[in-house]
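The values are calculated or read from the model by the stated rules, or taken from the named source; none is laboratory data. Keep in mind that what you see is a predicted model, and the values were worked out from it rather than measured. Here the Cβ positions follow ideal geometry from the backbone for every residue, glycine too, while neighbour counts run over all protein chains shown. To get the accessible areas, we keep the full protein, side chains included, count just its heavy atoms, and leave off ligands, DNA and RNA. Shrake-Rupley method; radii C 1.70, N 1.55, O 1.52, S 1.80 Å.
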Amino acid sequence: MIAVQDRASVVCHDSRPMVPVTATIVEIQEESSNTRTYVLQIDDPALRSAYRFEPGQFNMVYVFGVGEAAISISSDPANNEYLAHTIRHVGSVTRAIARMKVGDKLGLRGPFGHGWPISRCRGRDILMVAGGIGLAPIRPLIYAILANRGQFGRVVLMYGGRSPSDLLYQKELAAWRDDGQMDLLVSVDYSIAQWDGPVGVVTDLIKRLRIRPDRTSVMVCGPRMMNRHVTWQLLRLRVAPDQLFISLERNMRCGVGRCGHCQYGPKFVCKDGPVFSYESIREVFGKEEI
Amino acid sequence: MKARLMRSEDLAMLVNAIRRRGYEVVAPFCNKGRDTYYDTVTDENIGRVRLHVPNPYYPPKRFVLPPIERLLRVKRANGAYDIQATYEAPKRAIFGIRSCDVAGIYHLDRFYLGREFPDTYYARRRRELLLVNVVCTNAELDISDACFCVCTDTGPAARDHFDLQLMDLGAGELLAVAGSSAGEALFEEPIFTRAAQEHVERRRQILSEVRKRFKTTTCWFSATVRYVSQGSVPERTWEEIGNRCLECGGCTYVCPACTCFTVSDRPTGRDEIERVRIWDSCALGGFTRMAGGHNPRKSVHDRRNRRFFRKLAHYFIQRELSMACVGCGRCAAVCHGDVGMPSVVEMIRRAAALEEKIEPVPADGR
């Protein structure tokens, strides 16, 4: 059972949310040409065992002397020893992380925000839709669901990537496909010879599936356009707006709703999100610039 | 609240009494002309402390939220990092803070201390801060053309959140009102004498007189708050506002209620860095830019839209219990494009009212 932690106990350094703790890189897994998964261990044993996160929450990952980036946690929430961040090297901080090796130290603050509301979805069908790096915050959710598989109805993951080599967690995707606990639909934008799956955008996959809208909870994380089209499409299929959850991303500086960078209409993505129900953001979700 | 009377020539004695209690006293000083600035009171400049000076361009916000504030120090040794949070909380008094700025600091209190993660850096500074408020009564010196605290209901006399409030009753007399126990403790000084009902009455008269001396009194917020909260401000109004914005960020840096910051690292020596937070401005293009270059709020009118939404929408008023505007008029004075708060309120109100008018009345007459 996933215990939704009391908010106060979740944050390491609760009273000092701006102060990071150090963590050591224990393993680096190549995911694609510009994406790697970093397995981290918090250095302080007491903090390590006290650290808990909900699937969908994020850490502020700090490269000493360079800066911080908000990155979702992609490891199994039941694993108290290690945590993992899947990082695409696109900005100054993440490119600095690309130059790091096993044994190097990072700073961590977190976990911050509200994750996927698993407790509200028990007994329901779960549809997860991920695009590109958007699978990273969904992976802890998959672990949590598979650990309590009996509490959920049908579980489906739809995942779209640019090309077959850009797909994350390929071994695990294969394992999830094989053990039959959940349905897996993967598509790519463009293909190479070895690919025998569907080609196109991830929203096309929704057409391949007959969902039961009144008992399905949907978790969406991907690029902005994907989020939007998946949301519109599922709303048309009569999925309830309060059972459609979208994880958003923004420039963040503090993680605790102070710095103002992630203001999203009346919300702050860092502390009110990053996972929002469509219901709570419907006024601003469709706006072009917000 | 307790009130006492003091002579205006004893002002320096009051300042010295606060200094003797261990406070670093900062007060607005006047250069030649109308330039004023907050500076620490010393034995040399105490003779230049005045009750009536134009409100300085830079708000006293920096005494609780410095433009650059160190959060922590990081030292590297043998591949390990030592992280130490650093706090700075001098015992400080702001002497002569205006009512609008008192409201600004109260707004910051609500924002930084009022929710799930109280900001320790802010809290420590704030705990050591003493506010000696001066009521703006001199129409020539205290009140500028841009002041509109009568519209935001934050002035000319603050009702609360100060430690001591001074008001010039004329004839060399000042009425002092204590707003906290720290302020009341100052009444032990021999400069204070008992105040009578007559003085309170005179205070009331002067205040009702002063309210007529404000030039900007048509900054009607209530309608604008409604339009902004409902999202019924026409898009072209935001575009007009955006077209006049020069993206200098000046309005946010002089605003006593603006809270945004960015966090950055700076090296302080070999293997030593300090992490600082720096005031940031939502007017600047890079404010929301993310890694990889995508910017969800690229165009200037959308950035302006977000700023005034943040300041005026009822979602935020509910959270912080006050608008993020205190009517000090600094944004109006600093803005080259004349899109400070009073002009924006005016533009929104006019445009939205016009919009409302041309909406057809439903057939059933509801």
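The table below gives the values:
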{"quantity": "Where GluC sites (Glu not before Pro) fall in DSSP loop in the range B:1-87, at most 14 other Cβ within 10 Å", "calculated": "B:44"}
{"quantity": "Sulfur and carbon atoms: percent of accessible area, the range B:221-355 [1.4 Å]", "calculated": "52"}
{"quantity": "Occluded residues from the range A:226-264, i.e. those whose accessible area drops by 50 Å² or more once the chain is not alone (1.4 Å probe)", "calculated": "A:250, A:251, A:253, A:258, A:261, A:263"}
{"quantity": "Chain B: most fluctuating residue of B:330, B:98, B:266 per GNM, C-alpha cutoff 10 Å", "calculated": "B:266"}
{"quantity": "Residue (of B:66, B:120, B:17) at the positive-pole extreme of the range B:1-145, dipole from beta-carbon charges", "calculated": "B:120"}
{"quantity": "Added length on full extension, which subtracts the Cα-Cα distance from 0.36 nm per residue, residue B:7 to residue B:160", "calculated": "52.8 nm"}
{"quantity": "Loop-exposed GluC sites (Glu not before Pro) per DSSP, neighbour cap 15 Cβ within 10 angstrom, longest uninterrupted part of chain A", "calculated": "A:82-287"}
{"quantity": "Charge dipole (debye, nearest 20) of the protein assembly as shown; +1 at Cβ of Lys and Arg, -1 at Cβ of Asp and Glu", "calculated": "440"}
{"quantity": "Shielding of B:105-117 by partner chains, average beta-carbon count, 10 Å", "calculated": "2"}
{"quantity": "Acute angle (nearest 10 degrees) that the helix A:224-236 long axis makes with the longest principal axis of chain A, alpha-carbon atoms", "calculated": "40"}
{"quantity": "Orientation-averaged projected area, Cα convex hull of the protein assembly as shown (nm²)", "calculated": "34.7"}
{"quantity": "Choice from B:326, B:233, B:134 showing the highest fluctuation, given a GNM over chain B with Cα pairs closer than 10 Å", "calculated": "B:233"}
{"quantity": "Total accessible area lost when B and A pair, probe 1.4 Å, Å² to nearest 100", "calculated": "3700"}
{"quantity": "Listed pairs A:287/B:215; B:215/B:311; A:105/A:171 exceeding 31 Å between Cα atoms", "calculated": "A:287/B:215"}
{"quantity": "In degrees, nearest ten, helix A:170-179 long axis to first principal axis of chain A (Cα)", "calculated": "50"}
{"quantity": "Inter-probe distance in nm under a simple model that places probes 7 Å from Cα toward Cβ, at residue B:223 and residue B:180", "calculated": "3.9"}
{"quantity": "Share of carbon and sulfur in the accessible heavy-atom surface of chain A [1.4 Å probe, %]", "calculated": "49"}
{"quantity": "Fluctuation leader among B:141, B:129, B:166 - chain B, Gaussian network, Cα springs under 10 angstrom", "calculated": "B:141"}
{"quantity": "Burial of 50 Å² or greater, the range B:262-309 residues [accessible area, probe 1.4 Å, versus chain by itself]", "calculated": "B:265, B:275, B:287, B:290, B:296, B:297, B:306"}
{"quantity": "Residues of chain A: accessible area per residue with a 1.4 Å probe, Å²", "calculated": "39"}
{"quantity": "Whole-number accessible area per residue in Å² for the range B:112-247, which is evaluated in the context of all protein chains at 1.4 Å", "calculated": "47"}
{"quantity": "For the range B:309-323, 3J(HN,Hα) per residue [Karplus equation, 6.51 cos²θ - 1.76 cosθ + 1.60, θ = phi - 60°, Hz, x = Gly/Pro]", "calculated": "4, 4, 7, 10, 6, 5, 4, 7, 4, 4, 5, 9, 6, 7, 5"}
{"quantity": "Amide H contacts under 5 Å for residue B:169, placed H, 5+ residues apart", "calculated": "B:174, B:175"}
{"quantity": "Virtual spin-label span in nm between residue A:122 and residue B:39, 7 Å along Cα→Cβ", "calculated": "6.7"}
{"quantity": "Residue B:201 paired with residue B:89, simple spin-label distance in nm, labels 7 Å along Cα-to-beta-carbon", "calculated": "4.6"}
{"quantity": "Two-decimal ratio, the range A:145-290, of alpha-carbon radius of gyration to 2.2 N^0.38 Å", "calculated": "1.14"}
{"quantity": "Sparse-neighbour loop sites [chymotrypsin sites (Phe, Trp or Tyr not before Pro); the range A:130-203; at most 16 other C-beta within 10 Å; DSSP]", "calculated": "A:190, A:195"}
{"quantity": "About the Cα centre, charge dipole magnitude for the range B:221-355 (Lys/Arg +1, Asp/Glu -1 at Cβ), debye", "calculated": "180"}
{"quantity": "Loop sites in the range B:244-311: GluC sites (Glu not before Pro), DSSP, at most 14 other Cβ within 10 Å", "calculated": "B:247"}
{"quantity": "C-alpha center-to-center spacing [the range A:75-152, the range B:264-312] in angstrom", "calculated": "26"}
{"quantity": "Residues along the range A:87-117 losing 30 Å² or more of accessible surface when the other protein chains are present rather than the chain by itself (probe 1.4 Å)", "calculated": "A:90, A:105"}
{"quantity": "Carbon and sulfur %, accessible surface of the range B:85-197 computed with the full protein complex present, 1.4 Å", "calculated": "46"}
{"quantity": "Listed residues A:226, A:62, A:241: farthest to the positive end of the dipole of chain A (Cβ charges)", "calculated": "A:241"}
{"quantity": "Rg/Rg_globular for chain B, with Rg_globular taken as 2.2 N^0.38 Å and Rg from C-alpha atoms", "calculated": "1.09"}
{"quantity": "Selection from B:238, B:267, B:227, by position along the positive dipole direction of the range B:221-355 (Cβ)", "calculated": "B:227"}
{"quantity": "Mean shadow area of the range B:236-366, taken as a quarter of the surface of its Cα convex hull (nm²)", "calculated": "12.0"}
{"quantity": "Volume per residue that the Cα convex hull of chain A spans, once the total is divided by residue count, Å³", "calculated": "128"}
{"quantity": "Computed E for residue B:188/residue B:247 - FRET, C-beta separation, R0 56 angstrom, nearest 0.05", "calculated": "0.60"}
